[in-house]
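Trainee: Attaching a single structure in structure tokens format; questions to follow.
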Amino acid sequence: MEVSIPFHNLPEGLEGFRIVQITDTHVGPTARHDYMEVVVERVNMLTPDIIVFTGDIADGTASHLRNKVSPLANLSANYGSYFATGNHEYLFGEQAWLEEIDRLGLKVLLNEHQILQCGKGRITLAGVTDYSAGGFNSKHTSNPEASLSGASQCNLKILLAHQPRSIYAAARSGFDLQISGHTHGGQFYPWRFACFSPFLAGLYKFENTWIYVSRGTGYWGPPLRLGVTSEITLIKLTSGKLTPNLA
């Protein structure tokens with residue numbers, strides 16, 4: 001899946017900037033080591049400037065699934081790979097998973113940000129804990145506003161947030177783009193997320209903030225999708241114009 005997102009006054013250094021998103025791999029009984037090897041190979045073939053993983057890496061504990069996710073150590077991007085937690089990290093022991101993800105070379109963003117200097121362009125890349133994380137660990141309560149604390153002036157503010165419903169706080173906090181997953185595009189549509197999520201899959205604009213919602217790189221539960229394909233997403237930044245879905 002490839003999508004171009006336009007921004008007003010995008011500096012030359014960020015024109016064509018390539019973000020590759022992985023999300024919701026749900027590694028477990030049916031999604032295994034060889035599956036992750038294929039995912040990593042396909043991601044690297046897209047020559048990303050950054051790689052972002054927006055949560056739900058696995059359905060099980062880090063100790064049991066460490067070998068199956070190990071191919072992620074081979075991800076390669078010009079400005080690094082970054083991770084924001086999903087709800088499933090908290091179901092299976094978030095601390096062990098955070099340590100494992102860090103060991104694999106992905107920078108975990110827990111209500112914090114990184115400044116990326118990309119030629120003459122400057123990006124604030126922030127990540128929040130999952131929308132529901134505070135119910136599992138009060139220290140991990142999701143806070144898009146806090147993720148920008150201390151951020152210096154930049155050309156673009158991008159938020160990694162597993163659940164699309166973080167968009168309301170993201171818009172209030174002045175983010176230009178939110179990248180999310182979680183919905184699986186309605187993997188079992190129309191019986192699940194479509195009934196309450198206005199941001200099911202694809203590109204939308206809420207107030208002044210773009211939001212892209214991936215259908216997911218893997219699947220949750222049985223290996224079944226009804227009318228919904230999985231995706232590895234290439235997001236290109238551009239100074240062009242586009243008519244989005246409005247919410």
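The values are calculated or read from the model by the stated rules, or taken from the named source; none is laboratory data. For clarity, every value in this text was computed on a predicted model and none was experimentally measured. FYI the Cβ positions are ideal-geometry reconstructions off the backbone, even for glycines, and counts take in every protein chain you see.
Trainee: Which ones in region 7-27 are hydrophobic (A, V, I, L, M, F, W, C) and in a loop (DSSP other than H, G, I, E, B)?
Mentor: Hits for region 7-27 are Phe7, Leu10, Phe17.
Trainee: Shifting gears a bit: Output the number of residues of region 7-27 satisfying the condition of being within 28 Å of His182 (Cα to Cα) and loosely packed, with under 15 Cβ neighbours inside 10 Å.
Mentor: 1
Trainee: Restricting the search to region 157-170, which residues are at pLDDT 95 or above and surrounded by fewer than 21 Cβ atoms within 10 Å (Cβ to Cβ)?
Mentor: Within region 157-170, Tyr168, Ala169 meet the criteria.
Trainee: Moving on. Would region 67-89 turn up any residue that is of a type in the set (A, V, I, L, M, F, W, C) and over 18 Å from the mean Cα position of the chain (by Cα)?
Mentor: For region 67-89, residues of a type in the set (A, V, I, L, M, F, W, C) and over 18 Å from the mean Cα position of the chain (by Cα): absent.
Trainee: Could you please find all residues in region 135-185 being farther than 27 Å from Ser230 by Cβ, small (Gly, Ala, Ser) and part of a helix (DSSP H, G or I)?
Mentor: Selection gives Gly135, Ser138, Ala146, Ser147, Ala169, Ala171.
This table checks each residue for (1) touching a Gly at 6+ places or on another chain (Cβ under 6 Å); (2) modelled with pLDDT of 55 or more.
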residue	(1), (2)
Gln178	no, yes
Tyr189	no, no
Leu200	yes, yes
Phe206	no, yes
Trp210	no, yes
Leu224	no, no
Gly227	no, no
Ser230	yes, yes
Leu246	no, yes
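Trainee: Something else: Look through Val52, Val27, Val40 and report the one residue that is free of Cβ contacts under 8 Å to residues at least 40 places away in the same chain and among the hydrophobic types (A, V, I, L, M, F, W, C).
Mentor: Val40
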